[in-house]
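J.: Encoded as structure tokens, here's the structure I'll be asking about.
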Amino acid sequence: MKDRFHRRNAAIASSLAAIVKPAAYFIILLLTYALGYLSSSPSTSASSSLSPPPLNSDITSTPPPYHYSTPDQSQLFQVTDTPPELNQFRIKTRCSPPIPHQQVRSTILQNVFNGQSPFIDFPQPHVAHLLHPKKIKGWGSNGAVFRNLVTQVKPRTIIEVGSFLGASATHMADLTRQLGLHTQILCVDDFRGWPGFLDRFKDLSMINGDVSLLYQFMQNVVSTNASDSIIPLPFSTGSVLDSLCEWGVYGDLIEVDAGHDFNSAWSDINRAHRILRPGGVLFGHDYFLSADNRGVRRAVNLFAQINGFKVKVDGQHWILVSP
Ligand SMILES: C[S@@+](CC[C@H](N)C(=O)[O-])C[C@H]1O[C@@H](n2cnc3c(N)ncnc32)[C@H](O)[C@@H]1O
């Protein structure tokens, strides 16, 4: 009898344990999830109380104005309150101090062309048959602005951002020669033109997708006897202008005439201005061009406004003038 009583108690205890154990696990699991959720997820109202970083603050040390969103809250965010002040658009990188004019040519040859002029042994046989003896086409490349500025500034170093076939570069080489200046003209261009430009320049050759613009540019420089004064820099404008800044190569006269959309013009103007010698002049083409809703003009005007320049117009060219 006693034995039967014990067996019944044991059976009740084991069925109780079978019910209570999973319930306990379930409650612990629920608590853990709730605690984790509360501690990891900032609510929308919490994020909107973040304030924008103060002006001129070190961006790395100040939390950005995030607005967290779902689903992956640690990676996806929307910036909601970037300060609108123009000061935010300034580029603040400092360049190396300017090297003397006499060192400009050797510095470029050393850093870009293994110490040798790219015109040595030009043109090679595999290129020669592609070239026109002289094919120079530009846009406003002989405008009065060039003579005016070369005469005014008497530049020892000119940087041209966007050279194409060398029309404006060879014209400036001619002008500086007439004035007896020993000027180096650095021509920054990737020499790719723009997509589809061969439709308008059908007599330039294309080999395996290469439009041979660099070689025709060099041929034009050779045919105008300017290979001692003109050096091509066949890369993107951004990378060349940053390298010149790093090497301390500054221009007395800098012409910007590469990409004509706002973003390209804005970036080129900013980068060019960093390497303008004190007393030098920054100018460029196509102030009136309608491309990108007059992107060049918007970039020039914004830059002038932020940096306290006035804009002077000479033909289709813009010139930044200190007030
Ligand atoms: C309008 S053309 C320059 C014309 C030249 N100044 C003249 O008057 O004969 C523009 C040139 O900028 C170059 N260009 C445009 N965007 C560039 C970029 N991001 N980097 C390098 N070259 C670029 C093109 O290859 C083209 O040759």
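J.: Among the numbered criteria (1) at pLDDT 95 or above; (2) touching a helix residue (DSSP H, G or I) at 6+ places or on another chain (Cβ under 9 Å); (3) loosely packed, with under 15 Cβ neighbours inside 10 Å, which one does residue 147 miss?
T.: (3)
J.: Follow-up question, since we're still on this one. With the requirement that a residue be assigned to a loop (DSSP other than H, G, I, E, B), within 11 Å of the ligand (Cβ to nearest atom) and surrounded by fewer than 15 Cβ atoms within 10 Å (Cβ to Cβ), what does segment 186-206 give you?
T.: Within segment 186-206, 192, 194, 195 qualify.
Yes/no per residue for (1) within 19 Å of residue 204 (Cβ to Cβ); (2) near the ligand (Cβ under 8 Å from one of its atoms); (3) buried (at least 16 other Cβ atoms within 10 Å of the Cβ); (4) not acidic (Asp, Glu):
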| position | (1), (2), (3), (4) |
| --- | --- |
| 122 | yes, no, yes, yes |
| 128 | yes, no, no, yes |
| 132 | yes, no, no, yes |
| 135 | yes, no, yes, yes |
| 140 | no, yes, yes, yes |
| 143 | no, no, yes, yes |
| 152 | no, no, no, yes |
| 155 | no, no, yes, yes |
| 164 | yes, yes, yes, yes |
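Every residue, every condition in (1) in a helix (DSSP H, G or I); (2) of a type outside the set (Ser, Thr, Tyr); (3) surrounded by fewer than 17 Cβ atoms within 10 Å (Cβ to Cβ), yes or no:
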{"position": "216", "(1), (2), (3)": "yes, yes, no"}
{"position": "227", "(1), (2), (3)": "no, no, no"}
{"position": "244", "(1), (2), (3)": "yes, yes, no"}
{"position": "255", "(1), (2), (3)": "no, yes, no"}
{"position": "266", "(1), (2), (3)": "yes, yes, no"}
{"position": "305", "(1), (2), (3)": "yes, yes, yes"}
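J.: What do you reckon, is residue 240 buried (at least 21 other Cβ atoms within 10 Å of the Cβ), of a type in the set (Val, Ile, Thr) and under 15 Å from the mean Cα position of the chain (by Cα)?
T.: Against the criterion (buried (at least 21 other Cβ atoms within 10 Å of the Cβ), of a type in the set (Val, Ile, Thr) and under 15 Å from the mean Cα position of the chain (by Cα)), residue 240 qualifies.
J.: OK, next. Inspect all residues belonging to segment 181-188 and state whether any of them is of a type in the set (Ser, Thr, Tyr) and touching a Lys or Arg at 6+ places or on another chain (Cβ under 8 Å).
T.: yes
J.: Further, regarding this structure: When segment 268-283 is examined, which residues are found to be within 19 Å of residue 316 (Cα to Cα), under 17 Å from the mean Cα position of the chain (by Cα) and not in a helix (DSSP H, G or I)?
T.: Across segment 268-283, there are no qualifying residues.
The values are calculated or read from the model by the stated rules, or taken from the named source; none is laboratory data. All of these numbers come straight from a predicted model, not from anything done at the bench. Every residue, glycine as well, gets a Cβ built from its backbone with ideal geometry; the counts of neighbours run over all protein chains shown.
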